[in-house]
Amino acid sequence: MIHDLLLPVHVFAATIALIVGYVALFAAKGGRLHKQTGKIFVYAMVVMSLLGSFLAAINPNGSPTNIVAGLVTFYLVTTAMISVQKTWRPGRIDVVIAIAAFLFAVTAVGVAMSGRRDAPPTVVFGIVAFLGGIGDVRVIRSGGIQGRRRIARHVWRICLGMFVGAASFFFGPRGRVPEIIYYPSLLPIPALMPIAMMAFWLVRLRVKKSFRGQVGNAVAQTSAAMEMR
């Protein structure tokens, strides 16, 4: 009965997350539309991921991988949202979050070692959680991050979180995607779009940083040469 009651909520949250997620993905970054749809996306993903883990846990035939996937997705989107808060400074809650990330990684390893068929994706989720935990520890030790590092932290976590939701929909069992839009050869496009956008923005942030650094060095060298004259 609990499963039947919560499943529609899980599906509804996933639908909302996908719709507003793609809007936020292509909206002007930092603009009003991006911020508003981004918040809705995170809230919907939190509901979807936690309910997904819970439903998998209470289902006798549920996959432990789905439990891990839901928990790691919840971790990704929440830490992504925290990262872009202007007043964010690491505190005790961030220590708890980092510990949770490592616990999720250990859980994933345990599930993978049980010999299940879905061990490979579970390992991937474990690696993501472990790398995220390492990043959390670095941020805590440094007292926070600013500028492009903070944006990059937000980008890779939010995009991976969206990829999990998109992949579970477009690459899920037959019948999950409505027949009217079911074109197998085209399904990878929307599913992989979050990964493509993640790569685009991470490269852009890196290139922009390197370009500004080169310009700054060139200006400094020019100024030094003029002073020597």
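The values are calculated or read from the model by the stated rules, or taken from the named source; none is laboratory data. Bear in mind that the values here come from a model prediction, so they are computed numbers and not experimental data. Note: ideal-geometry Cβ built from the backbone for every residue, glycine included; neighbour counts use all protein chains shown. Surface accessibility is based on the protein's heavy atoms, side chains included, excluding ligands, DNA and RNA. Shrake-Rupley method; radii C 1.70, N 1.55, O 1.52, S 1.80 Å.
Things worth noting here:
- Solvent-accessible heavy-atom area per residue, rounded to whole Å², over region 56-179 at 1.4 Å: 53 Å²
- Calculated accessible area for region 1-53 comes out at 58 Å² per residue, all protein chains present (probe 1.4 Å; ligands, DNA, RNA ignored).
- Total charge dipole magnitude, the chain, about the Cα centre, Cβ charges on Lys, Arg, Asp, Glu only, Debye to nearest 20: 1080 debye
- Ordering Ala100, Val46, Gly147 by Cα displacement along the dipole of region 24-180 toward the positive end leaves Gly147 in first place; charges were set at the Cβ atoms of Lys, Arg (+1) and Asp, Glu (-1).
- Accessible carbon and sulfur surface of the chain relative to its total accessible area, %, 1.4 Å: 69 percent
- Highest mean packing comes first when the peptides 19-29, 195-205, 101-111 are listed by Cβ atoms within 10 Å, giving 101-111, 19-29, 195-205.
- Here the extension length gained between Ala57 and Met1 equals 18.7 nm, from 0.36 nm per residue of separation less the Cα-Cα distance.
- Packing-based order for 176-182, 33-39, using average beta carbon neighbours within 10 Å, highest first: 33-39, 176-182
- For region 61-166, size of Cβ-based charge dipole, Lys and Arg +1, Asp and Glu -1, in debye: 460 debye
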